[in-house]
Amino acid sequence: MIELSGLTKRYGDKTAVNNLTFAVRPGIVTGFLGPNGAGKSTTMRMMLGLDNPTAGEVRIDGKHYAQLRDPLKYIGALLDAKAMHGGRTAFNHLLCLAQSNGIPRSRVDEVLDTVGLTSVAKKRAKGFSLGMGQRLGIAGALLGDPRILMFDEPVNGLDPEGIHWIRNLMKSLAEQGRTVFVSSHLMSEMALTADHLVVIGRGSLMADTSMADFIRENSRTYVKLRSPERERLLDVLHRAGITAAEAGDGSLEVDSTSAAELGELASAQQLVLHELSPQQASLEDAFMQLTAESVEYHAHTRGSDPEAAAQAPPQPPRGGPPGQQQGWGDTWKREG
C-alpha cells in the first residue's frame, strides 16, 4: 500500500503539490489523472524519494522509501522510459539493477520474456524504439517481483498489441493482490484499465473514488426515447409526472427515470418505441467536466476566436528553413 499524508511540494512561490492525502490500495488498479501541470509527475517522484517534499510524507508499506532495503523488491516503477544507459544491452541494463538489489540473475531472463524482448536482449538500448524502451522500463519495474508497481504513461509508443498487453498485465498484477498505480492521459484506455481514480488539479486533490462513481458524479446520465407517436409519448410522460427534454434530432431525453421504468410505462400505454437507450458520459467527458477550471495550459484552435485570428501574423508557406515546423490548425507556443 502507498499512503500519502499532507504531501506538499513548493518551488519558490509556486506550489506544485498541495496537501495531498490519499491511499493506493492493493488488489485494484488505481488511475492517477490530472491535466498537464497538475503535479502528477512531482507526486510520483516524491513517492520514490527522487524529490523531497516541502511538507507531509509518503509511506510504502508503512516505511519511507529511504528506509527500504533492496527497494526494487518492494516497489517497481516506470517513470521515464529513457532513464537507462544507452550503451548497455537490454540484458546488462537489467542485470545491473538486479545486482544492486540482491535479485538473482535468472530473474532478468524471466522479465525479458514477460515483456517480449528476449530476441533483442543483446542489443544496445540506444537503438530501441520508444515502444521497445517502454517494454524495457516495464521489465525493470517487474524485476524485483514487487508487491507495489507504479507506471507513468506506460502505453506511450506501444502499438495496439502492446497496449492490449500492458492493460492485461496491470489487471493481472492487481488480481494477484498487488498495488498498481498508473498515470495516463489516454482516457479511453484508463476507462478500460482502472477500478479506482485519484484526480488532482493544480496540485490539489479533486477526487478519490471508484471509476463508476466518478463518472456518475461528474456527468449527466439520462435515457433517450424515440417514438413515431412523439406527441402522445409527451402526453403520457407528462401525466406520469416525468419531465422530458426535446433533443434536436427529434428524440426525447429523460433524466430522472430509469430505462426499465420508461419501457414499462410505454408498454402499459401500448406506445411504440423506436429507441429506448440509457446514455452515460465517458470518462473523458467526466474528467473534462471536473477539471475544466484546473487546466493550466490551453491550446487555441485557429478560427475559434475571430478577433485573435485577425490579429495573428500571416503564416509563412510550408517548406521553410530546416528545423522550422509549419502546420495547420492548432497554434502552439514553443517553450525555450
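What follows is calculated from the coordinates using simple rules that are stated; it is not laboratory data. Bear in mind the structure is a predicted one, so any value in this text is a computation, not a measurement. Glycine gets a Cβ as well: all are built from the backbone with ideal geometry, and neighbour counts include every protein chain shown.
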- Does segment 52-67 hold any residues that are without any contact (Cβ under 8 Å) to a residue 40 or more places away in the chain and buried (at least 16 other Cβ atoms within 10 Å of the Cβ), and which are they? TYR65
- Quick one: in segment 205-255, which of the residues that are within 24 Å of LEU20 (Cβ to Cβ) and of a type in the set (A, V, I, L, M) is surrounded by the fewest Cβ atoms within 10 Å (Cβ to Cβ)? ALA212
- Query: Can you name the residue in segment 24-51 that is in contact (Cβ under 8 Å) with a residue 60 or more places away in the chain and small (Gly, Ala, Ser) and, of all such residues, is surrounded by the fewest Cβ atoms within 10 Å (Cβ to Cβ)?
  - Reply: GLY27
- Do we find a residue being crowded, with 22+ Cβ neighbours inside 10 Å, among the hydrophobic types (A, V, I, L, M, F, W, C), in contact with a Phe, Trp or Tyr (Cβ under 6 Å, 6 or more places away or on another chain) and under 24 Å from HIS185 (Cβ atoms) anywhere in segment 5-23? no
- Answer yes or no: is there a residue in segment 73-92 that is more than 25 Å from ILE163 (Cβ to Cβ) and under 27 Å from the mean Cα position of the chain (by Cα). yes
- Query: Would a scan of segment 115-136 turn up a residue that is surrounded by fewer than 19 Cβ atoms within 10 Å (Cβ to Cβ), out of contact with any Asp or Glu (no Cβ under 7 Å at 6 or more places or on another chain) and at positive phi?
  - Reply: yes
- Message: Quick check on segment 167-180. Is at least one of its residues buried (at least 19 other Cβ atoms within 10 Å of the Cβ), of a type in the set (Gly, Ala, Ser), out of contact with any helix residue (DSSP H, G or I) (no Cβ under 8 Å at 6 or more places or on another chain) and in a helix (DSSP H, G or I)?
- Response: yes
- Query: Looking at GLY131, GLY144, which is the one that is in contact with a helix residue (DSSP H, G or I) (Cβ under 8 Å, 6 or more places away or on another chain), assigned to a helix (DSSP H, G or I) and in contact (Cβ under 8 Å) with a residue 12 or more places away in the chain?
  - Reply: GLY131
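Looking at GLY76, is it loosely packed, with under 13 Cβ neighbours inside 10 Å and assigned to a strand (DSSP E or B)? Write out each step before concluding.
Working: loosely packed, with under 13 Cβ neighbours inside 10 Å: no; assigned to a strand (DSSP E or B): yes.
For GLY76, the condition - loosely packed, with under 13 Cβ neighbours inside 10 Å and assigned to a strand (DSSP E or B) - is not met.
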- With a cut-off of at least 1 residues that are within 30 Å of LYS171 (Cβ to Cβ), name the strands (runs of 3 or more DSSP E) lying wholly within segment 182-301. 196-201, 204-210, 221-226, 275-280
- Message: I want to confirm something. Restricting to segment 97-117 and keeping residues that are among the acidic types (Asp, Glu) and under 29 Å from the mean Cα position of the chain (by Cα), which single residue is nearest to GLY162 (Cα to Cα)?
- Response: ASP113
